[in-house]
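The values are calculated or read from the model by the stated rules, or taken from the named source; none is laboratory data. Remember, predicted model here, so these are calculated numbers, not experimental data. Cβ coordinates were reconstructed from backbone atoms using ideal geometry, including for glycine residues, and neighbour counts include every protein chain displayed. Keep in mind that these areas ignore ligands, DNA and RNA; they rest on the heavy atoms of the full protein, side chains included. Shrake-Rupley method; radii C 1.70, N 1.55, O 1.52, S 1.80 Å.
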Amino acid sequence: MKKVVIHRPGGYEQLVLEEHADLQPGPDEILIDVTAIGVNFADCVTRMGLYASARHYVGYPVTPGFEVTGTIRSSGTAVTAFVPGTPVVAVTRFYGYATQVVVNHEQVFPLPAQLSPEVAAGLPAVSLTAWFALFQLAHPQAGNTMLVHSAAGGVGSMLVQLGKIAGCKVVGVVGASHKTATVTALGADAVIDKSVQNLWKEAERLAPDGYDIIFDANGATTLKHSYQHLAAIGKLVVYGFHGMLKTRNGVPGKLRLAWDYLRTPRFSPFDLTTQNRSVLGFNLSFLFDKTAILQQGMQQILQWLEEGKIQPPAVTTFTLEAVADAHRALESGQTTGKLVLLCKS
Ligand SMILES: NC(=O)c1ccc[n+]([C@@H]2O[C@H](COP(=O)([O-])OP(=O)(O)OC[C@H]3O[C@@H](n4cnc5c(N)ncnc54)[C@H](OP(=O)(O)O)[C@@H]3O)[C@@H](O)[C@H]2O)c1
């Protein structure tokens, strides 16, 4: 089997495709021959050496990757629900950038009939993140106003669609004009193109009383204003810090990181109480032991997909050998939907 190994944190040159011995499933595990692999911003942060759960669960060397599709080759003695040859989609905690993975059977789902392997490979991480943020943390009410930063990206495009299912008025924010049409097509009620519009002036015009829910993975660049633009009883869901991670050749600037760290707002419990606002945060990669919640989320996503209520993000594909190009593209901030790596058959 082949896998991408990052021996030490750094730029794109640290993504090394290596040949290794074939894997064997443990008693509860399934061995999958991988067809396609979803690329997430977290994989880039893992390569940079800044992803806390990569350090916590694996250390370096590490193989990134949270989601794959493929075909079952074999399974452990305790697994009865799947037979070899079945096409599946699976969630992994790291190790996904490989031509073979072994995964606990509770993290494996039949490939939805209407999806190609490359489209399905881009579905689990972003849809589970959006589902968890919205339905486990924010608990939207129909009629709520919702602001989604980076709305054309992987997680953002799912948040827009799930927000509409919840009956919210959804305002999407994009950082480049070519992304506006994508967010409109996803069903957003309005799109703010912050490359040509004043983000917060426009946000105020669209929701003069503030937003009931704001999803922010930018970090220091927008968090303070996101908090200030909450309505009474509003919730700010924080789930990433990609705005801090402007890179040169894949390496983030240390000064910029330090400066953004220092200017990241610290929320006071006194202010939260008197202003009736909440700040919520999460990182799914630390929640893999919450199997029941993740399975509930995945079942719900697959059902909405089958019912045609949501569309999977559009995908742009790269070969596994071109993994560095995929990281470079994602870090450019110009992509829409999902990036997916394809394994040669
Ligand atoms: N907490 C969790 O459990 C969890 C799970 C999955 C993902 N995430 C986080 O969710 C965010 C989105 O992840 P994704 O994989 O779906 O990525 P993505 O949204 O497809 O791509 C990232 C987008 O962020 C914006 N951006 C702002 N500053 C950037 C920078 N310095 N470098 C690159 N992009 C920048 C760009 O959009 P605009 O310019 O249009 O804003 C870019 O298109 C990431 O921060 C990721 O870490 C968190």
To make sure I understand the rule: partners must be lysines, Cα under 29 Å from the Cα of Lys2, and not fewer than 8 residues away in the same chain. Which ones qualify? Lys338, Lys344
Filtering trypsin sites (Lys or Arg not before Pro) in segment 149-249 by DSSP loop and by at most 15 other Cβ atoms within 10 Å leaves Lys246
Under 19 Å from the Cα of Lys309 - aspartates and glutamates, other chains or at least 8 residues apart: Asp189
Counting only helical runs of four or more DSSP H residues, what would the 222 nm mean residue ellipticity of the chain come to if each run contributes -39,500 (n - 2.57) and the total is spread over all its residues? -8000 deg cm²/dmol
According to the square roots a ≥ b ≥ c of the eigenvalues of the Cα gyration tensor, what is the shape class of segment 291-331, taking rounded for a/c under 1.5, prolate for a/b larger than b/c otherwise, and oblate for the remainder? prolate
Please work out the Cα center distance from segment 264-287 to segment 106-131, rounded to the nearest Å. 30
Normalise the Cα radius of gyration of segment 57-111 by 2.2 N^0.38 Å (N = residues in it) and let me know the number. 1.14
Provide the FRET efficiency to the nearest 0.05 for the Asp289-Asp209 pair, computing r from the beta carbons and using R0 = 35 Å. 0.30
Only Cα pairs under 8 Å and at least 6 apart count here; give the relative contact order of the chain as a rounded whole percent. 18
Which shape class applies to segment 209-293: rounded if a/c is under 1.5, otherwise prolate when a/b exceeds b/c and oblate if not, where a ≥ b ≥ c are the square roots of the Cα gyration tensor eigenvalues? oblate
Rounded to whole angstrom, the alpha-carbon centroid of segment 155-174 lies from that of segment 197-250 at a distance of 14
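Which whole-number value in Å² is the accessible area per residue of segment 189-345, probe 1.4 Å?
54
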Quick check on segment 1-141: take the gyration tensor over C-alpha atoms, sort the square-rooted eigenvalues as a ≥ b ≥ c, and tell me if it's rounded (a/c under 1.5), prolate or oblate. oblate
Let me check I have the definition right: for the chain, take the eigenvalues of the Cα gyration tensor, multiply each by 5, take square roots. What are those semi-axes in whole Å, largest first? 33, 23, 18
Name the aspartates and glutamates eligible as straight-distance cross-link partners of Lys254: C-alpha to C-alpha under 18 Å, and not fewer than 8 places from it in the same chain. Glu331
